[in-house]
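To start, the structure itself, in structure tokens.
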Amino acid sequence: MADFSEKVIYQIYPKSFKDSNGDGLGDILGILEKLDYLKELGVDYLWLTPVFLSPQKDNGYDVADYRKIDSRFGSMEDLEKLIEKSNEKGMGIMLDMVFNHTSTAHEWFQKALNGEREYQDYYIFKEGSPDCPPTNWQSKFGGSAWEYVESLGKWYLHLFDVTQADLNWENPKVREELKGVIRFWKEKGIKGFRFDVVNLISKPEIFENDTVGDGRRFYTDGPHVHEYLKELVKDTEIEDFVTVGEMSSTSLEHCIRYSAPWEKELSMCFNFHHLKIDYKNGNKWELMEPDFMELKQLFQKWQVGMERGDGWNALFWCNHDQPRIVSRLGSEGKYWKESAKMLAGMIHFMRGTPYIYQGEEIGMTNPHYTSIEQYKDVESLNYYKILLQEGKTSAQALKILAARSRDNSRTPMQWTDSKNCGFSQAEPWLSVSDNISKINVFSQQKDESSILSFYKKLIVLRKEKKLISKGKIEFLENENKNVLAYKRTWADKALVVCCNLRETESRMDMDCRWKDYKKVIGNYNNELPCVQDNKITLQPYEFLVLEGNE
Ligand code: TEU
């Protein structure tokens, strides 16, 4: 298995990145236009969320044909060109493999609906009466996870939207089909794969009601998941490709197995525990102030735990499903710049491979939508209705969406301060944010002190210093609720990383050995840390990294 510790991956949501043909939707040729920007940023791989043929009920995560490009995004020739040009510039393209489910528009599902038994076995169909779903499991997008097909007298499982039918991985034919998809894209020069909700692929033998939850405990990290992954990777010979699994509600023990090199499953895992620290009672749709102590404990558990088990983390704050991190844990106001840099630095110095989601590198925020008409995401629209049914007023429901909707991250990339933020000549498919004049690539490109310039420095540092890519990690200040700090060590050198999580000054203990340490990077102009009585005082949202001998 190859080593990706010095690599940095950039995630592109093609629909919102750059529109080349003036239809208000981003496309593959739009990405091509921006390759120099990405090269200059310094990233190694570009992960594209799905561009395959799809009815777009879930923005491409409902795939109707894994080998065809949806014409909204362009053509196969466009993608081939993008692969070629990116490779020339030293950047590999990664594609998103949505293998837990297909769209119900997929040929396999259509054949199943037409009564072909062979294809019904591609999915999870259960006999039953129309008034009683096989189990009480809930879809992740709200409502039952089962849909009844009258003509067949059967229910099918959909853990996500009703148009996303779960595949039956128990069936060896399904596994062979999916291997064929990987081989097809390998041939085209694809350098890596992201596997969507891949820890949900193995369902239990017996389907039973969940009396305490929504059913996830029965299929999360399911009985044969490791076996299936090993088989997929071995038979398609992608052991040395960059492969990342999206692991929903997973455990540390499983992620070690998914990503430890000798297991030959994946190169790394995404987990989401650190992004639930502001969910009240674990419920995404109930707002709460972030619990920073929990954040610290989670990072410690996963960083140290993965190191001990030889697993590898994908490091990230943002993606196309998450609200913008600066709106969530930082500040949109006075300390916007400082907090965006601090949050970036906090994860880029950790052990793992960092991911940057488009727009994060310029500190993009949530767009502050005020009306339900502005939202497009299926999950947001479903939950708006559910929240109203639960008795919330529309103002309360909108407040929750403004903080939690997946559309928060899907607004058009802010290239310039002009109309439609340089994203498109036409009205974009999703409204732009309300701060394009303040936050855009153009204004940050020439500015040495910009968030964009800071991200470039973080990437350079990871490639320069073994301390960052290879160092051991140890957490400091465990009782401090204002500061997250850790130490990385490698050979006889050490790095100390200090992050003030608060909008006010915070203090942390100073180790006398650090007196001789030099500042490596920070988000304030001070050359030396501010030290008094063996305590370092950190400015609001200060990020400070010191380096010296262990
Ligand atoms: O997401 C899986 C997933 O579980 C989420 O992050 C999901 O958005 C969240 O649980 C809802 O609260 C992946 C994709 O990233 C997402 O865009 C797709 O909608 C989903 O799978 C289905 O393919």
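The values are calculated or read from the model by the stated rules, or taken from the named source; none is laboratory data. Computed from a predicted structure; not experimentally measured. Positions of Cβ are backbone-derived with ideal geometry, glycine not excepted, and every protein chain shown enters the neighbour counts. Side chains are part of the model used for accessible areas, which takes the heavy atoms of the whole protein and leaves out ligands, DNA and RNA. Shrake-Rupley method; radii C 1.70, N 1.55, O 1.52, S 1.80 Å.
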From the phi angles alone, apply the Karplus equation (6.51, -1.76, 1.60; θ = phi - 60°) to the stretch 428-444 and give each ³J(HN,Hα) in whole Hz, x where the residue is Gly or Pro. x, 4, 10, 4, 6, 5, 8, 10, 5, 6, 8, 10, 7, 4, 3, 6, 9
Starting from 0.36 nm per residue, how many nanometres of slack lie between ASP36 and SER5 once their C-alpha separation is accounted for? 8.8 nm
Determine which residues of the stretch 51-73 fall in the zone a paramagnetic label at ASN382 would reach in this model, i.e. backbone nitrogen under 14 Å from the point 7 Å along Cα→Cβ. 57-59, 61-62
Loop-resident sites, the stretch 111-153, for GluC sites (Glu not before Pro), counting at most 11 other Cβ within 10 Å (DSSP): GLU150
Taking 7 Å along the Cα-to-C-beta vector as the label spot, tell me the ASP214-LYS466 distance in nanometres, rounded to one decimal. 4.6 nm
Write out the GluC sites (Glu not before Pro) in the stretch 315-414 meeting two conditions: DSSP loop, and at most 14 other Cβ atoms within 10 Å of their Cβ. GLU390
List the residues whose amide H sits under 5 Å from the amide H of GLU542, counting only those 5 or more places along or on another chain, with H placed 1.01 Å from N in the peptide plane. ASN500
Given the protein chains as shown and a 1.4 Å probe, how many square angstrom of SER405 are accessible, to the nearest 10? 0 Å²
So which of LYS89/LYS446; LYS154/LYS284; LYS39/LYS81; LYS7/LYS179; LYS419/LYS457; LYS7/LYS515 end up more than 20 Å apart, counting from Cα to Cα? LYS89/LYS446; LYS154/LYS284; LYS7/LYS179; LYS419/LYS457; LYS7/LYS515
Expressed per residue, the solvent accessible area of the chain in Å² (1.4 Å probe) is about 39 Å²
Under 10 Å from the Cβ of GLY74, count the other residues' Cβ atoms, weight Lys and Arg +1, Asp and Glu -1, and hand me the total. -2
Towards the positive end of the charge dipole of the chain, with charges on Cβ (+1 Lys, Arg; -1 Asp, Glu), say which of ILE9, ASN525, VAL162 has the farthest Cα. ASN525
Net charge of neighbours whose Cβ lies under 11 Å from the Cβ of LEU178, counting Lys and Arg as +1 and Asp and Glu as -1: 0
Diffing the stretch 461-466: the Karplus 3J(HN,Hα) column from phi (6.51, -1.76, 1.60, θ = phi - 60°), in whole Hz with x for Gly and Pro, holds 4, 4, 7, 7, 10, 4
Sum up the charges of everything whose Cβ sits under 15 Å from the Cβ of GLU542, counting Lys and Arg as +1 and Asp and Glu as -1, but leave GLU542 out. +2
Top to bottom by accessible area (1.4 Å), largest first, where do TYR524, TYR119 land? TYR524, TYR119
The percentage of the accessible area of the chain (probe 1.4 Å, all protein chains present) made up of carbon and sulfur atoms, to the nearest whole number, is 48 percent
Sparse-neighbourhood loop hits (chymotrypsin sites (Phe, Trp or Tyr not before Pro), the stretch 218-273; DSSP loop; Cβ within 10 Å at most 15 others) -> PHE272
Quick one: dipole size for the chain, taken about the Cα centre, charges +1 on Lys/Arg Cβ and -1 on Asp/Glu Cβ, in debye to the nearest 20. 1340 debye
Accessible surface of THR411 - all protein chains present, 1.4 Å probe, nearest 10 Å²: 0 Å²
Burial ranking of peptide ranges 90-101, 245-256 (average Cβ count within 10 Å, highest at the top): 90-101, 245-256
Can you give me the long-range amide H partners of LEU167? Hydrogens built in the peptide plane at 1.01 Å from N, cutoff under 5 Å, separation of 5 or more residues or another chain. HIS101, THR102
